[in-house]
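Laboratory data are not the source of any read-out in this text; all were calculated from the coordinates shown. Everything numeric here is computed off the predicted structure, so don't read it as measured data. Positions of Cβ are backbone-derived with ideal geometry, glycine not excepted, and every protein chain shown enters the neighbour counts.
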């Protein structure tokens, strides 16, 4: 067993912990995960004969978070001489001297330690269906080597999305509600604080573009997180902050005249009293862009009001 201690940046809440933990657990070699979003530290114990640290880091990057290894060490294992979980001892074939050279006696022993029934059946089916001679295919070099059984291909696929335009819990609920209506959706988890979503779906029934179109139809923007671009999350955040800053400046500029009009009631000597008869119309013209353009994100869906 191998343990690594990670520093994960970008976590904000328990939902972030859940997304990362669910993603890492997709690796069959993971034995234990501890994540604390407050300190940003994580301890992961895994079987290093089946996976490595880089694979875990890649998994974390697919969720949109950055991680680096602080410490790693091998766990003490008193049973290191025993067969590891999911190991299968290959069948030992012995040729018995008989008068007829075609007569063989095969002694087969399969020991499983934690091996699932599905993987065992998969191996046996593959062995029986093998058209080549299984005896000739074995050599002294590999006769006692563990059998490496590949995972059965699954139609389910996972994607991690960066979602823009969410402002409250209602926004996250709207997205989940609309996406769950699509066929083939197995699981969806929306992280409002991190503005991210994790979905598992049946790729035979639906694809990524259909999911993104549904989210856009609900009034939000979504894009697939590129695990190879570690700067994507920071660039997206900077772009969103810049967009909000521009909206604030426009809102401030359109709202300042309203503040000025209010002062007329307290300071009759303020200049501009001649516009008093038209204040209602001017106020309407100034507030419409603030309400329906700058504030469009809050009224995209009546269910959020």
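A few remarks follow.
- Percent of C-alpha pairs per 10 Å bin, the range 2-74, short to long: 21, 62, 16, 0
- The range 34-71-the range 233-291 distance, computed between alpha-carbon centres (Å): 48 Å
- Residues 47, 265, ranked from the fewest to the most other C-beta atoms within 10 Å, line up as 265, 47.
- By the count of neighbouring beta-carbon atoms within 10 Å, fewest first, 290, 179, 275 end up ordered 275, 290, 179.
- Per-residue Cβ neighbour counts within 10 Å put 217, 41 in the sequence 217, 41, beginning with the fewest.
- Quarter the surface of the alpha carbon convex hull of the range 243-304 and you get the mean projected area, 5.4 square nanometres.
- Its residue count N sets the reference 2.2 N^0.38 Å, and the alpha-carbon radius of gyration of the range 156-224 equals 0.97 times that reference.
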